[in-house]
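A short worksheet on the structure shown next.
The values are calculated or read from the model by the stated rules, or taken from the named source; none is laboratory data. Keep in mind the model is a prediction, meaning the values are calculated, not measured. Virtual Cβ from ideal backbone geometry, glycine too; neighbours counted across all protein chains shown. To get the accessible areas, we keep the full protein, side chains included, count just its heavy atoms, and leave off ligands, DNA and RNA. Shrake-Rupley method; radii C 1.70, N 1.55, O 1.52, S 1.80 Å.
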Amino acid sequence: MSNKFQYTGYGMQVFILIALTIAGFVFYFLLSMILLLGHGGLQMLDAQQMLNDPAMLGLLKMLQSLSSIMIFLLPALTFAWMADTEPLRWIGLRHAFGMKQLIVVIGLMVASLPFIGLTGQWNEQIHLGGRLHELETWIRNTEALAEKQTRLLLTTHGITDYLVNLLMIAILPGICEEAFFRGALQRLLIGWTGRTTPGVVLTALIFSFLHFQFLGFLPRFILGMMLGYVYTYSGSLWLAMIGHFVNNGVDVTLMYFYQLGWISTDPMGNSHVDLWSGLLSAAIVIALLLGLKRLSAQNMASREVQ
């Protein structure tokens, strides 16, 4: 690989990545406005009205998918192309992984579900007192509306709708967000801070913040940390993408099963996770991450011998 930015500081590189992301957002916003206005005129810009119109759901799902591509994937790939003569290797897409690593990552994401659920409960119990009470009320009302909109978007009438939802919620975010947050941003922040842990933590904080769902900030931060270390230990962005896909895909699949009546528990409801189950889950997560680190080191050593 040849680093094109070898004389450019990491701070400036982060600035360039942010500029590319803003450009992607602007292009996405303009495109979405053109498509929405062309479909139904100004009256269709009301979010609740759009979601209550079945004819609009397909367009909204397409726009949701485009947002992942234009805001995250294209800026990350563009930056990788600007940064190195081998952009796919720079971003982590040429790094091989073994079957054992894949199994560990899938097991990690499944095992983390109780722990993530517990942190979600802790997040829900955080209350803003005093003058910030009105802000908390606004946040909770906004996120209740967002949950209602998500339910409408995830409504399925058959296997085709389920596969479309899987593409929109699990496959594309897994690819696009991991390319941006872990493949590009985390790499730059680790270089900027000169240490792995601050880079992983900062990336996870930004990852969670930019979802703008503050009642789910803590569990999404934990997810970002796990994916950050998956990428750091393995060197393969594919494993982080697969982990992200598994996490989101489980939610989409459970929602599909719930709508079919195959399970009775609402996946988007307030299910309770007891403390000990959550802590056991956390211990398993730590053990699996350490196992992934050891496996990855062994894989790297074996490749060097070959």
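Figures for the structure shown
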| read-out | value |
| --- | --- |
| Segment I206-W138, extension gain: residue separation times 0.36 nm, minus the distance between their alpha carbons | 22.3 nm |
| Aspartates and glutamates whose Cα lies under 14 Å from that of K61, excluding same-chain neighbours fewer than 8 positions away | D53, D161 |
| Efficiency of FRET from Cβ geometry, L93 and I22, R₀ 30 Å, rounded to 0.05 | 0.80 |
| Packing rank of 8-17, 119-128, where each peptide gets the mean count of other beta carbons within 10 Å, highest leading | 8-17, 119-128 |
| Accessible area expressed per residue, the chain, with surrounding protein chains retained (probe 1.4 Å, Å²) | 53 Å² |
| Protein accessible area in the chain, 1.4 Å probe - carbon and sulfur % | 68 percent |
| Contact order normalised by residue count of the range 137-293, Cα under 8 Å, 6+ apart, percent | 25 percent |
| Compactness relative to 2.2 N^0.38 Å, alpha carbon Rg of the chain | 1.05 |
| Mean separation of Cα contacts under 8 Å, 6 or more apart, over the residue count of the range 216-306: relative contact order % | 32 percent |
| Centroid-to-centroid separation of the range 95-163 and the range 240-297 [C-alpha atoms, Å] | 10 Å |
| Cα gyration tensor, the range 100-243 - rounded (a/c under 1.5), prolate or oblate | oblate |
| Accessible surface of Y233 - all protein chains present, 1.4 Å probe, nearest 10 Å² | 60 Å² |
| Spacing of the two label points (7 Å from each Cα toward its C-beta) at K100 and A283, in nm | 2.4 nm |
| Surface accessible to a 1.4 Å probe, F217 within the full protein complex, Å² | 60 Å² |
| Calculated FRET efficiency for the pair A146/M300, C-beta based, R₀ 51 Å, to 0.05 | 0.75 |
| Percent RCO, i.e. relative contact order, over the chain, from Cα pairs under 8 Å lying at least 6 residues apart | 27 percent |
